[in-house]
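Please read the structure below before turning to the comments.
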Amino acid sequence: MSHGSGGRAMAQLIGELFQRYLDHELLILGNDQALFTPPPGRMVMSTDGHVISPLFFPGGDIGSLAVHGTINDVAMSGARPLYLAAGFILEEGFPLGDLARIVASMARAANAAGVPVVTGDTKVVERGKGDGVFITTTGIGVVPEGILISGDRAEPGDVILVSGSMGDHGVAILSKRENLGFETEIRSDSAALHELVATMIAAVPDIHCLRDPTRGGLATTLNELAHQSGVGMQIREDAIPVRAEVAAACELLGLDPLYVANEGKLVAVCPRDQAERLVETMHGHALGAESAIIGEVVEDPHRFVQMETGFGGSRIVDWLAGEQLPRIC
Amino acid sequence: MTAESIRVRGLVQGVGFRPTVWRLARACGLRGDVRNDGEGVLIRVRGSAAGDDAGVSGFLKRLYEECPPLARIDSVERRPIADPQGLADLAQQQDFVILESAATAVHTGIVADAATCAACVAEIRDPADRRHRYPFTNCTHCGPRLSIVAGIPYDRARTSMSAFPMCPDCAAEYKDPADRRFHAQPNACPVCGPGVWLQDAAGQPLDPVVLGVEDAIAAASRFLADGRILAIKGIGGFHLACDATNPDAVAELRRRKRRYAKPLALMARDLEVIRGYCRVTGQDAALLSAPAAPILLLDRLDSGGTDRVETSADDAVAPDGFRCALPDLESGHPGLEDGFRCAPPILRCRGAPPWPLAPDVAPGQTTLGVMLPYSPIHHLLLADWDRPLVMTSGNLSEEPQCIDNADALGRLGQLADILLLHDRAILNRVDDSVVRVMAGEARLLRRARGYAPAPLALPPGFEAAPPLLALGGELKNTFCLIRDAQAILSQHLGDLEDAKTAREYERTLALYLDLFQVVPEALVVDLHPDYRSSLIGRDRAARDGVPLIGVQHHHAHLASTLADNGWPLDAGPVLGILLDGLGYGSDGTLWGGEFLLGDYLDFQRVAHLKPVAMPGGTRAILEPWRNLYAHLESAGGWAAWRARFAGLEPIERLDAKPLGILKTLIARGLNAPLSSSAGRLFDAVAAALDVGGEVLTYEGQAAIALESLAAVAMDRVGDGDGYPFARSIVPTGEILDPAPLWDALLADISRGRPPEEIAAAFHVGLATALGTLARDLARRHEISTVALSGGVFQNRLLLESVARRLEADGLRVLLQRQVPANDGGLSLGQAAVAAARVLSNDSVD
Ligand SMILES: [Fe+3]
Ligand SMILES: [Mg+2]
Ligand SMILES: [Zn+2]
Ligand SMILES: [Zn+2]
């Protein structure tokens, strides 16, 4: 893709490319905005900028990730996501073929999720002022009546669940980017979780918290919830699902899978007497087949997230200031 | 009439000091009074004429000579009394009396827990004494202190003895200044005090009468002789105990505790028993027998401990392989009497002493950690034992030890067959202290029971230091308060990554602030952003609105050594050689092999070990082979070494590892932080020699294995025959590069040189390189004193060889003594640095 001073031809090319894949009626209308009538109820809105290297990885690419990431952020309020908006920043010289792949993937992900991209924008920046492509997506959704899911609602006695194995996405990205060549290819878990969430709240309307453990992984998400709710959390190492190949890769790399990003998993906190029902419901959904109860919320003025280890100790799983930096003297 | 006041400062409260003053004053015919107050002890005496000075001097001389065992006189100041009220008071006084202290003014010192004194031991052994076999016998000269205290002022109501009102006999002792138990807060006897009992792991009581023995402790001794594992509640925590000469029992204990490699501590009845296993010098004997009664690391008589003598069936009364099965005991009882009769009488069950220790006690170590009984429970339990017991902390690996009965049943019930419990609550966990004699002096490796919370005097120049709190490091944590020119270090608290320890840390912090009445004017933390202690410090400083002072890890190690040695505030800089696993550097990289030129206030990093990657970050701390690979990669590249030493065992071993991925980590700087760590260099050498384990289970494991290996061959390696290091100057200072040693070391391996000589040649080489560099730096910077600290200097071979070299070059050497060279001593250094900065009105941020 060349850009040059005029770039009119370019803009046209890009426009055609977007229209070919992102063909929602509101978008092809050609207006600078999408016009629709909101359904009744409380609306939620979320936005996320997606910057990732490599752009293509086992299990997805930046296009599908941009769709899933924002759908998930909307869905973690218990909402049904309705529409997405997408903003592209392209670096001059970015191959059009790659762009086509990304946009097609984005369209496929949005279609599969049933959450269309209804408005968007593209900017091209000079070579060297971007990193291939950045995509910002914004989503809106509507929260069903009677649902109140929020990070400050975890209560002592509640149970903590995860919807599947931890660390897949981060390890997949790292091993692809650095060409680490593990024996088994590790795939990103990138997926849209709103349908799983819909079945969960249908079965257990009183879910207290939902959050997708993306950057910083499960450890960071649990610490966020513990702090927001003013509680402690007690989890069990052997209850946390981690794929054998991910565990092996993490051991080799010296990473703790609890701090590695996920893109298709959620953490749920619900009352104890609902936990069995919730985990069974989750097991019934393809994206929750490996769901597990990993621990409980406890009273704790220190708001520690602590984990019983295989050795019988109880380690604090802390927020980290930066990288996973060794502490042992 | 004339009168004078005598001010005594030091450890003089709660240790039987006033009764001693009272007794001596009367013996010297003095009239006056003595009391505790905020500054220590105040003695007032009336003199009728000028000639009385001799009486007072004689009295003071005897006070020094007959100072009670737990007391320490730091200073005595005499001055005439001028105020009319004071003179009038004394004029009335026809006798010498002890005055009640004015509670408000008293900084009641809490002293350390002390081992049972000889007088108390004699009482529990005397069938005619009312405390015969009483497990809680103590007096002003011995017994629990810190472990039972809840607050100040230190009196019985604020200890766990508050649950036991004294009987008239005990109360009479308590009130009588002439009695050894005058104001002994934990005073007790069988009538009024706590008691012991036995339970099985299911919580069922075991009645000694039914068991046919004298009491619960006698029964416990029988169970131990029978090969059982016991949880024993002691002074500051629980021990797990078993017969150290029973290989099955020791192996089983390790399996249950999931402690597979770390040496187990031993307790022996007396010095004679210890002499059967270890070399014991006069200095060692004195250390073992002191009121602190630490675990002392002693050289084993046999070097290996692998020789295993099977018990001969003839030696045992019981039929071969018979075990007095616990289920019988639980289900009450048929067969129980049989079970007991079968237990071999302790003195006859195995040949003649000394019986060989089980090989699992301290695998691969040339030292044993041994202590003497320090509570009446231990004295009674070990009375018949002429072989040692394993006495290891009552916990699973990684956890802090239990202190609570319910907790013990829950956690130790799975580890022990039988629990020996008592009902005197342990309010503060105080682990056994660990001491090693190195370079001629006793040096603390873990400072806890018997030492904490005794204050350390700060060096000259710190008199005006404000109250401070230094929060310490992450592992082996202690914290440090500064008050009245004294440093008060907490007992060893442990690893703050553990949730229980972290909670205990905050609780202990609150207790110390209360006990010592300190309101810190600044908080001091390590620079590492993720240390729990740093997080807590940051939070507290923000909450209380006090300044937070960050101190670099190795600067704290350096300042700790200075303070430990009384180095005056204005005495100028020294050169520090600070070697440890790692600490956060002021440039944001990881340090650990540092030459710092500095004083309390500031430092300059003048030289360091060459930074080498730690591929896999924390994983590299657990897996020594990663460091061997990283060091070889750094020293000319793995490919070259692999080509040169093709087929060599360590090269083959490495070659089977996923080195490609590690190479990527290093090349891309992915979770492979560069570190100038000395600890990782030891790991790398240990990996080359295949000692210390594939995956380490405790800190320093590989380095300790390397030291043990080298110990037997040090005298076979000449002073100049150590492996070489290279030096180079870069803009930021001088670099000590271990690269050249690999060539010599691998060549020695391929030549078949014995591994112990290789380990020794590494020690000698490192000591030579450190010593030479230090000498040159000292000359260049006109420095005459070198301080050695950091966890790596718990290695006796290295410490002694470096110190000897420096001294031979005419340098003065400062070593840690009262606080550990490991991170357990960090808080003292942090506090000293912060105090120096505040005093110089410097950089409080
Ligand atoms: Fe250190
Ligand atoms: Mg997001
Ligand atoms: Zn005593
Ligand atoms: Zn009594």
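When the gyration tensor of segment B:3-98 is built from Cα positions, what are the square roots of 5 times its three eigenvalues, in whole Å, from largest to smallest? Walk me through the numbers on the way to the answer.
Numbers: eigenvalues 84, 40, 28 Å².
So the three semi-axes of segment B:3-98 are 21, 14, 12 Å.
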Completion exercise
Ranked by GNM mean-square fluctuation in chain A (Cα springs under 10 Å), the top entry among A:A198, A:A85, A:A244 is A:A244
Fill in the blank from the handout: Once amide hydrogens are built 1.01 Å from N within the peptide plane, the residues lying 5 or more places from B:C278 or on another chain with amide H under 5 Å from its amide H are B:L301
Handout entry: Given charges at beta-carbon only (K, R positive; D, E negative), |dipole| of segment B:417-511 in Debye
Key = 160 debye
Completion exercise
About its Cα centre, the protein assembly as shown carries a charge dipole, from +1 on Lys and Arg Cβ atoms and -1 on Asp and Glu Cβ atoms, whose size in debye to the nearest 20 is 1700 debye
Handout entry: DSSP bridge orientation in chain B - percent antiparallel, rounded to nearest 5
Key = 75 percent
Handout entry: Spin-label pair B:V97/B:R751, simplified geometry with 7 Å Cα→Cβ offset, distance in nm
Key = 8.3 nm
Handout entry: segment A:253-320-segment B:379-425 distance, computed between alpha-carbon centres (Å)
Key = 34 Å
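Quick one: putting +1 on the C-beta of Lys and Arg, -1 on the C-beta of Asp and Glu, what dipole do you get for chain B around its Cα centre, in Debye to the nearest 20?
Details: 85 positive and 105 negative charges, 109 e Å.
With only Lys, Arg, Asp and Glu charged at Cβ, the dipole is about 520 debye.
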Handout entry: Selection from B:A54, B:A487, B:A678, by position along the positive dipole direction of chain B (Cβ)
Key = B:A54
Exercise for the section: Compute the whole-percent fraction of alpha carbon pairs in the protein assembly as shown spaced more than 50 Å apart. Expected result: 37 percent
Problem - Of A:G170, B:P177, A:G284, farthest towards positive along the dipole that unit charges on Lys, Arg, Asp, Glu beta carbons give the protein assembly as shown - result: B:P177
Problem - Alpha carbon centroid spacing (whole Å) that separates segment B:624-644 from segment A:186-233 - result: 44 Å
Completion exercise
Relative to chain A, whose Cα atoms define the longest principal axis, helix A:194-203 and its Cα axis are tilted in degrees, nearest 10, by 40 degrees
Handout entry: Whole-Hz couplings from phi, Karplus 6.51/-1.76/1.60, listed for segment B:465-477; x for Gly and Pro
Key = 4, x, x, 9, 10, 9, 8, x, x, 9, 9, 6, 5
Problem - Inter-site label distance for A:F36 and B:A157 at 7 Å from Cα along Cβ, in nm - result: 7.3 nm
Fill in the blank from the handout: For segment B:71-83, in residue order, the Karplus 3J(HN,Hα) values (coefficients 6.51, -1.76, 1.60; θ = phi - 60°; whole Hz; Gly and Pro = x) are 8, 9, 8, 8, 7, 10, 10, 10, 8, x, 8, 10, 5
Handout entry: Excluding exposed DSSP-loop GluC sites (Glu not before Pro) (at most 14 other C-beta within 10 Å), longest clean stretch of chain B
Key = B:464-693
Fill in the blank from the handout: Stretched fully, the stretch from B:L513 through B:H781 gains (0.36 nm per residue minus C-alpha distance, one decimal, in nm) 92.4 nm
Practice task
Describe numerically, in nm with one decimal, the distance between label points set 7 Å from Cα along Cα→Cβ at B:A122 and at B:E39.
Solution key: 3.8 nm
Problem - Cα-based reach from B:K657 at 25 Å (exclusive), listing lysines while leaving out same-chain residues under 8 positions away - result: A:K176, B:K610
Practice task
Any chance you could check the Cα centroid distance between segment B:182-231 and segment A:72-88 for me, in angstrom?
Solution key: 66 Å
Practice task
Would you jot down the residues in segment B:632-661 that end up with at least 30 Å² less accessible area in the complete protein assembly than in the chain alone, with a 1.4 Å probe?
Solution key: B:I661
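Roughly how much accessible area, to the nearest 100 Å², goes out of reach of solvent when B and A pair up, both sides summed, probe 1.4 Å?
In total, this chain pair buries about 3400 Å².
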Completion exercise
Residue by residue through segment B:527-532, the couplings from Karplus 6.51 cos²θ - 1.76 cosθ + 1.60 with θ = phi - 60°, in Hz, x for Gly and Pro, are 6, 4, x, 10, 4, 4
Completion exercise
Counting sequence-distant residues (5 or more places) and residues on other chains, those with an amide H built under 5 Å from that of A:M233 are A:V298, A:F304, A:V305, A:Q306
Problem - Two-site FRET efficiency, B:D207 against A:V51, from Cβ-Cβ distance with R₀ of 51 Å, rounded to 0.05 - result: 0.10
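Figure the gain on full extension for A:V298 and A:D152 (residue separation times 0.36 nm, minus the Cα-Cα span) and round it to one decimal in nm.
51.2 nm
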Practice task
Kindly state, to the nearest 0.05, the FRET efficiency for B:E65 paired with A:E290, given R0 = 60 Å and r defined as their beta-carbon distance.
Solution key: 0.20
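Skip the ligands, DNA and RNA, and give the accessible area per residue of chain B with a 1.4 Å probe, whole Å². Numbers along the way, then the final one.
Numbers: 29660 Å² over 845 residues.
Counting only protein heavy atoms, the per-residue value for chain B is 35 Å².
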Exercise for the section: Given the options A:A286, A:A226, A:A275, state which has the largest fluctuation in a GNM of chain A using a 10 Å cut-off (strictly under) for Cα springs. Expected result: A:A286
Handout entry: Positive-end residue, the protein assembly as shown charge dipole about Cα centroid, Cβ charges, pick of B:G472, B:T664, B:A114
Key = B:A114
Fill in the blank from the handout: Sorted by chain and then number, the residues having a modelled amide H within less than 5 Å of the amide H of B:L814, at least 5 places away or on another chain, are B:V786, B:A787, B:L788
Exercise for the section: For chain A, find the longest principal axis of its Cα atoms and tell me its angle to the long axis of helix A:62-75, 0 to 90°, nearest 10. Expected result: 50 degrees
Problem - Carbon/sulfur fraction of accessible area - the protein assembly as shown, other protein chains in place, 1.4 Å, % - result: 52 percent
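Could you give the length gained by full extension between B:D721 and B:A150, i.e. 0.36 nm per residue of separation minus their alpha carbon distance, to one decimal place? All intermediate terms of the calculation are to be shown ahead of the outcome.
Values: separation 571, 0.36 × 571 = 205.56 nm, distance 5.69 nm.
Stretched fully, the B:D721-B:A150 segment lengthens by 199.9 nm.
The values are calculated or read from the model by the stated rules, or taken from the named source; none is laboratory data. Note that the coordinates shown come from a computational prediction; the quantities given were computed from them, not determined experimentally. For neighbour counting, all protein chains shown are included, and Cβ atoms are generated from backbone atoms with ideal geometry for every residue, glycine included. These area figures cover heavy atoms from the full protein model, side chains too; ligands, DNA and RNA do not enter into them. Shrake-Rupley method; radii C 1.70, N 1.55, O 1.52, S 1.80 Å.
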